[in-house]
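Q: Take this structure first; my questions come after.
The values are calculated or read from the model by the stated rules, or taken from the named source; none is laboratory data. Everything quoted here is computed from the prediction, not taken from an experiment. Every residue, glycine among them, receives a Cβ derived from its backbone with ideal geometry; neighbour counts consider all protein chains shown. SASA here: full protein model, heavy atoms, side chains in, ligands and nucleic acids out. Shrake-Rupley method; radii C 1.70, N 1.55, O 1.52, S 1.80 Å.
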Amino acid sequence: MALKLDMSKAYDQVGWSFLEAMLIRMGFHLHFVKLIMFCVSTVNYNVTYGGRTMGPITPGRGVRQEDPLSPYLFLVCAEGFSSMLKHYERRSWLTGCKVARGAPRVSHVLFVDDSYVYCKDNDNEALNVLRLLHDYERESGQQVNYAKSSIFFSKNTNEGTRNRMCVALGMVEASENSLYLGLPCTMGRNKNAIFGFLKDKMQKKIFSWESKFLSKAGKEILLKSVAQALPFYAMGVFLLTKEICSSLEGMMSKFWWESKSRAATKGVSWMSWKRLCRHKNVGGIGFRDLRDYNLAFIGKQEWRLLTNKDSLISQIYKARYYPT
């Protein structure tokens, strides 16, 4: 099973003593550590309400949000969590996940405050996970929001085991529509259904523009800088089907040819979208071909697999898809 952990008020709960101990443990110079802790611990807050200012409020923990230093300091705390997980894995208290023979075993994946922990779906490892989380909460000051955390199970896990694990860990089973970092966590065979959220996002964005009186130049800027940039993040990870790309381009084409007055006419498509994607020097508008960009993004990932052979993702993909 995979536990998707949600940290409650991740930045606000960081303990200063834990942060200082981690910086020292990671080998930073004591003078540098003192400078960092001076920046963290000398903050005051004032609250303005009804024309009156109340404060100052002096916090005893946490790092400032939107401060350029805070994400790096939070990663230092996450390194402590990662070290604890590796310790549990070495002691065989947690097993981790292995996708194929010869692939490295993965016990956790961290992205800032979004965490995945992989383990076997039995009572012993569930109790070890709870003990690990309790120890980390006690030391770091952070707390796991069990109500927002969820569990993914492998397909061969029976219903009784799923219910028992959810009760033991105090989490719910993840739904099929769960997202991680803005992308679907699980992929089925019907990609058109899974990537429906891309269409919904673009429809909402274009619908908000339709009530405005925009010139062709204004429409061009909005389509190039906003609408066509919406699916780029997903394109860097997944290969979208031709139907999805055509559907997204169709919505953009309809918006491009639509008349200023929606009541007057819906507009006539005088040129195909393929011709509009040509460079302006050869009679086009310079819009992007989503399919070509998708292939380019996937090609970039393929290049990383070929050139960074020692990376974790390269080792996993090689063992799973091209071992020889």
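Q: From the set of residues in the stretch 64-114 that are part of a helix (DSSP H, G or I) and among the aromatic types (Phe, Trp, Tyr), which is farthest from Leu130 (Cα to Cα)?
A: Selected residue: Tyr72.
Q: Quick test of your reading of the structure: Leu19 fulfils all but one of (1) outside any helix (DSSP H, G or I); (2) of a type in the set (A, V, I, L, M, F, W, C); (3) closer than 30 Å to Ile151 by Cα; (4) more than 20 Å from the chain's Cα centre (by Cα). Name the failing condition by number.
A: Going through (1) outside any helix (DSSP H, G or I); (2) of a type in the set (A, V, I, L, M, F, W, C); (3) closer than 30 Å to Ile151 by Cα; (4) more than 20 Å from the chain's Cα centre (by Cα) one by one, Leu19 breaks only (1).
Q: Would you confirm, using the coordinates I've provided, whether Ser154 is outside any loop (DSSP other than H, G, I, E, B) and either charged (D, E, K, R) or over 23 Å from Asp289 (Cβ atoms) (or both)?
A: no
Q: Another question about this same structure. Between a residue in the stretch 159-178 that is in a helix (DSSP H, G or I) and any residue that is among the β-branched types (Val, Ile, Thr), which pairs come within a Cβ distance under 8 Å, given they are 6 or more apart or on different chains?
A: Arg162/Ile151; Met165/Ile151; Cys166/Ile151; Cys166/Val172; Leu169/Val129; Leu169/Ile151
Q: Return a yes/no flag: does the stretch 171-180 have any residue that is under 25 Å from Phe287 (Cα atoms), surrounded by fewer than 17 Cβ atoms within 10 Å (Cβ to Cβ) and of a type in the set (Asp, Glu).
A: no
Q: Same structure, new question: From Arg101, Arg64, grab the single residue that is within 24 Å of Glu125 (Cα to Cα) and open to solvent by 80 Å² or more (accessible area, probe 1.4 Å).
A: The conditions single out Arg101.
Q: Right, another one. Take the stretch 228-261 and flag every residue that is more than 30 Å from Ile313 (Cβ to Cβ) and in contact with a Leu (Cβ under 8 Å, 6 or more places away or on another chain).
A: Glu249, Met252, Ser253, Phe255, Trp256, Lys260 - these are the residues of the stretch 228-261 that are more than 30 Å from Ile313 (Cβ to Cβ) and in contact with a Leu (Cβ under 8 Å, 6 or more places away or on another chain).
Q: Right, next: When both residues are 6+ apart or on different chains and their Cβ atoms are under 7 Å apart, which pairs have a first residue that lies in the stretch 269-294 and is within 13 Å of Trp256 (Cα to Cα) and at pLDDT 85 or above, and a second that is surrounded by fewer than 16 Cβ atoms within 10 Å (Cβ to Cβ) and small (Gly, Ala, Ser)?
A: Partner pairs satisfying both residue conditions: Leu276/Gly284; Cys277/Gly284.
Q: Here is a further query. If we scan the stretch 107-128, do we find a residue that is touching a residue at least 60 places away in the same chain (Cβ under 8 Å), surrounded by fewer than 14 Cβ atoms within 10 Å (Cβ to Cβ), touching a Lys or Arg at 6+ places or on another chain (Cβ under 6 Å) and among the hydrophobic types (A, V, I, L, M, F, W, C)?
A: No: zero hits.
Q: Go through Lys148, Lys155 for me and flag whichever is under 30 Å from Ser17 (Cβ atoms), open to solvent by 50 Å² or more (accessible area, probe 1.4 Å) and either basic (Lys, Arg) or under 20 Å from the mean Cα position of the chain (by Cα) (or both).
A: Residue meeting the stated conditions: Lys148.
Q: While we're here: On the given criteria, is Ser314 under 30 Å from Lys212 (Cβ atoms) and without any contact (Cβ under 8 Å) to a residue 40 or more places away in the chain?
A: Against the criterion (under 30 Å from Lys212 (Cβ atoms) and without any contact (Cβ under 8 Å) to a residue 40 or more places away in the chain), Ser314 does not qualify.
Q: Looking at (1) at negative phi; (2) open to solvent by less than 60 Å² (accessible area, probe 1.4 Å), which is the only condition Lys34 fails?
A: Lys34 satisfies all of (1) at negative phi; (2) open to solvent by less than 60 Å² (accessible area, probe 1.4 Å) except (2).
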